[in-house]
Amino acid sequence: MPDLRGLYQEVILDHSKRPRNYRVLEGADHQAEGYNPLCGDRITIYLKLENDRITDVAFQGSGCAISTSSASILTETVKGKTLAEADALFEKFHALVTGEANGNQAGDASLGKLAVFSGVAEFPVRVKCATLAWHTLRSALKGEAKTVTTE
Amino acid sequence: MAITPQHITDTAIRGSSPKFDVERIRKDFPALQQMVHGKPLVYLDNAATSQKPLAVIEAEEHFYRRDCSNIHRGVHELSERATKSYEDARVKAQRFLNARDSKEIIFVRGATEAINLVANSFGRKNVQAGDEILITAMEHHSNIVPWQILCEEKGARLRVAPINDRGELLFDEFEKLLTPKTRIAAIVHVSNVLGTINPVREMIEAAHRKNIPVLLDGAQAAPHVKVDVQALNCEFYAFSGHKLYGPTGVGVLYGKADLLDAMPPYQGGGDMISSVTFEKTIYNSLPYKFEAGTSNIAGGIGLGAAIDYVNAIGMENITGYEDELLAYATEAISSIPRLKIIGTAAKKAGVISFVMEGIHPHDVGTVLDQEGIAVRTGHHCAQPLMERFKIPATTRASLAFYNTRREIDTLVAGIQKVKELLG
């Protein structure tokens, strides 16, 4: 039986109530809006890049505990990373929350704080909540102007 | 709604009247007998779709096991049986709505298709550039988008009658928006988000004073209140079978015969013609003119069985029981701190939408699901209404006559658990 405490871990609740880097980023050179029409979650991600390194990142929006905390932890995680590193993290994170990681990914040290999302794999309908910010990040990096949706 | 203890005592007595035995009724619904995540299912998502009584499931099964054939064209025994069952269902729908004639009952896929039919057929013929179509601020997307498409095509304008903070129509504003340019008023009978029962009789009278025809979207009304299209005098009425304890993929458009007769066909194909040459096609008479192609025969028969089932309980008994349950649930849920009910109209059907301070509806839905409680979370296909209340989404518990006070208590306990976990 899926475990609610495993889904709503303390770190997730903390970030959903007090999201980090929650602001409009002045002078952002990339931004994108993400939208989950299923539940109305909507976030905007702002980025500053130097060469191919993310030097600053922030977000704003409204959403459920999973999508808000995922966006908050994303900003902490990708700051200072190169685009290739951020992309690789998304791949690992995606495998983790969709349950394709066979349990090994949660122990992967490179995931860092992202490992708290391992419980999402037991709640398939919430995968889109967890990945919304990451899809939006990817869209912002590609400079796509259109709102990305999870549908 | 203010509930005095006296009122609750009264409803408790009436709720246990021998006329309405909810425990016996629940036994008719196989899906209600299951455990979900180790807990007994508490199904409170009836505004999305209702569960089906055995009588409906067996009627569909009987068709596929015994009578499966196409209707209106075979000379063989199976086709005669199937045609009779399907046309009997049409008469049941006619009586259910108190329509004058069974040819005024068009079988469609559901309320959405019914509205699209009217927009495409009546709308395209009668709406021109500069004309107006009037809806309300509490419409489901299915009674917004078909009219928007029509307006865009014709250069017409969609007008929206506003509501107050309780979720009640501002009648004076509605009346003002009925202008000489208005070609049709398309109005939700009962709101799927707020539960508001609109004063449709008065709205229809106001529209008729200006010779404006009225379509009622009855998707949420037909399962819960008695509908009499002759007494209402509406031009069109739409409802879905699956919310009325019938199968998915079947519903009804009622239309006044003279209007339907004057309307062009909606789709072309078999069954809707009386003769076809490459030069000219003569269309079939009502209702078949609007039923191109092979219909959802099993679905129509299943809907007939659902209407029989509802009639056996009695719509007045259903409305009475659901009103009492809604009062009980409203009292219980509104007493929870830091929770706000969205939609507090004086006249409501069994829908309770709510928001919780600091907790997103999607998280509420996940926690409740683990308690075996099925609710809907999201914008409920009414995004403009969410914007009106400046909320992204709600959690919605919607009632049916097979729900119980015990289930409401389970919901309240579940909401407490949500607060413990996420509050």
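Please treat every number below as a calculation from the coordinates, not as lab data. Not measured: the values here are computed from a predicted model. Glycine gets a Cβ as well: all are built from the backbone with ideal geometry, and neighbour counts include every protein chain shown.
Quick notes on this structure:
- Residue within the range B:57-70 that is touching a Leu at 6+ places or on another chain (Cβ under 7 Å) and basic (Lys, Arg) present: no
- Taken over the range B:350-374, the criterion of being at the interface with chain A (Cβ under 8 Å from one of its Cβ atoms) and on the phi > 0 side of the Ramachandran plot is satisfied by B:Gly358 alone.
- Scanning the range B:58-87 for residues that are surrounded by 14 or more Cβ atoms within 10 Å (Cβ to Cβ), of a type in the set (Val, Ile, Thr) and without any contact (Cβ under 8 Å) to a residue 40 or more places away in the chain yields a single hit, B:Thr83.
- Listed conditions (1) closer than 21 Å to B:Ile359 by Cα; (2) surrounded by 14 or more Cβ atoms within 10 Å (Cβ to Cβ) are all met by A:His94, apart from (1).
- Residue within the range B:338-347 that is more than 11 Å from chain A (Cβ to nearest Cβ) and out of contact with any strand residue (DSSP E or B) (no Cβ under 8 Å at 6 or more places or on another chain) present: yes
- Residues satisfying the stated conditions in the range A:15-44, i.e. under 19 Å from A:Val127 (Cα atoms), touching a Phe, Trp or Tyr at 6+ places or on another chain (Cβ under 6 Å) and either among the hydrophobic types (A, V, I, L, M, F, W, C) or away from every other protein chain (no Cβ under 11 Å) (or both): A:Ile43
- Condition check for B:Ile212: touching a Leu at 6+ places or on another chain (Cβ under 7 Å) and either surrounded by fewer than 20 Cβ atoms within 10 Å (Cβ to Cβ) or outside any loop (DSSP other than H, G, I, E, B) (or both): no
Residue by residue, here is whether (1) part of a helix (DSSP H, G or I); (2) of a type in the set (Phe, Trp, Tyr); (3) away from chain B (no Cβ under 14 Å) holds:
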position	(1), (2), (3)
A:Leu13	yes, no, no
A:Phe59	no, yes, yes
A:Ile73	yes, no, yes
A:Glu76	yes, no, yes
A:Gly80	no, no, yes
A:Asp87	yes, no, yes
A:His94	yes, no, yes
A:Ala101	no, no, yes
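- The range B:22-38 residues that are over 14 Å from B:Glu407 (Cβ atoms) and away from chain A (no Cβ under 14 Å), paired with ones that are of a type in the set (A, V, I, L, M) and not in a loop (DSSP other than H, G, I, E, B) (beta carbon under 7 Å, 6 or more apart): B:Asp28/B:Leu54; B:Pro30/B:Leu54
- Subset tally (residues that are without any contact (Cβ under 8 Å) to a residue 24 or more places away in the chain and of a type in the set (Ser, Thr, Tyr)) for the range B:336-381: 2
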